[in-house]
Amino acid sequence: MVLAAVRDLREHRVPASVVELADFETDVLAGFVLARASAGLADSTIRNDTNHVELIRGWFCRPLWEMQPADADAYFGTVLRKAKPSTRAGRAAALTVFFQFLELRHKVELHNLTGRVVECPLDELNRPRASVDPQLRIPPTQDEVERLFAGWREELVTCRKFAPAARNYAVARLAADVACGSTRLGCSTWTT
């Protein structure tokens, strides 16, 4: 057995050119579209996600895998500050899904090409919400609970009154649907 010195191969890799990175970015976006289509999403949903990603990319002027939390803060905190909450949330959701795609499918390749570890720039601290109003759960008052159950009691009494008629109708409808007449079954009546 012979011992040999082991060297890190990353030292000998040629850095990716600007053209190679641009081509790779195009391939990644095309792969994102295909992955969303294979998941069974509607074309309009895929188009919306892609448009959101392209708008963010247009603002950022660099590949999105270079985006850091501070960049996302600047984008969502200044550029989209006055946009509708649904627009902000939709754009954030598209960016998050795009980064999930990058992390799942291209993490190693991106690290080899750029030396960066892909991580979504949105987290629980800076992710826009669909609504700016706090969603509080306020328990009902005792009077509201009583009204609810009183309404249910009234419905039950009403339903009991019509139960025999509903049952007879259901049996007659079933017999009609399976094309069995009363003469064929030898029945004189359908009521039970």
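The values are calculated or read from the model by the stated rules, or taken from the named source; none is laboratory data. It should be emphasised that the depicted structure is a prediction, and the values quoted were computed from it without experimental measurement. Quick reminder, even Gly has a Cβ in these numbers, built from the backbone with ideal geometry, and neighbours come from all protein chains shown. These accessible areas exclude ligands, DNA and RNA; they are computed on the full protein's heavy atoms, side chains included. Shrake-Rupley method; radii C 1.70, N 1.55, O 1.52, S 1.80 Å.
Data for the structure
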quantity: Enumeration of residues in segment 34-46 that are within 16 Å of PHE98 (Cβ to Cβ), of a type outside the set (A, V, I, L, M) and either touching a helix residue (DSSP H, G or I) at 6+ places or on another chain (Cβ under 9 Å) or open to solvent by less than 60 Å² (accessible area, probe 1.4 Å) (or both); calculated: ARG36, THR45
quantity: All helices (runs of 4 or more DSSP H) inside segment 11-119 with 1 or more residues being within 15 Å of the chain's Cα centre (by Cα); calculated: 18-38, 43-60, 85-105
quantity: Count of residues meeting criterion [among the small types (Gly, Ala, Ser) and at pLDDT 95 or above] in segment 38-69; calculated: 1
quantity: Pairs, first free of Cβ contacts under 8 Å to residues at least 24 places away in the same chain and within 16 Å of LEU29 (Cα to Cα) in segment 55-73, second in a helix (DSSP H, G or I) and not hydrophobic (A, V, I, L, M, F, W, C), C-beta under 8 Å, six or more apart; calculated: PHE60/GLU66; PHE60/ASP71; PHE60/TYR75
quantity: Close pairs (9 angstrom Cβ cut-off, 6 or more residues apart or separate chains): at pLDDT 70 or above in segment 154-168, surrounded by 10 or more Cβ atoms within 10 Å (Cβ to Cβ) and not in a helix (DSSP H, G or I) anywhere; calculated: PRO164/THR191; ARG167/THR191; ASN168/TRP190; ASN168/THR191
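Residue by residue, here is whether (1) surrounded by fewer than 19 Cβ atoms within 10 Å (Cβ to Cβ); (2) in contact with a helix residue (DSSP H, G or I) (Cβ under 9 Å, 6 or more places away or on another chain); (3) charged (D, E, K, R) holds:
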residue: ASN51; (1), (2), (3): yes, yes, no
residue: GLU66; (1), (2), (3): yes, yes, yes
residue: PRO69; (1), (2), (3): yes, no, no
residue: ALA83; (1), (2), (3): yes, yes, no
residue: ALA92; (1), (2), (3): no, yes, no
residue: LEU95; (1), (2), (3): no, yes, no
residue: GLN100; (1), (2), (3): yes, no, no
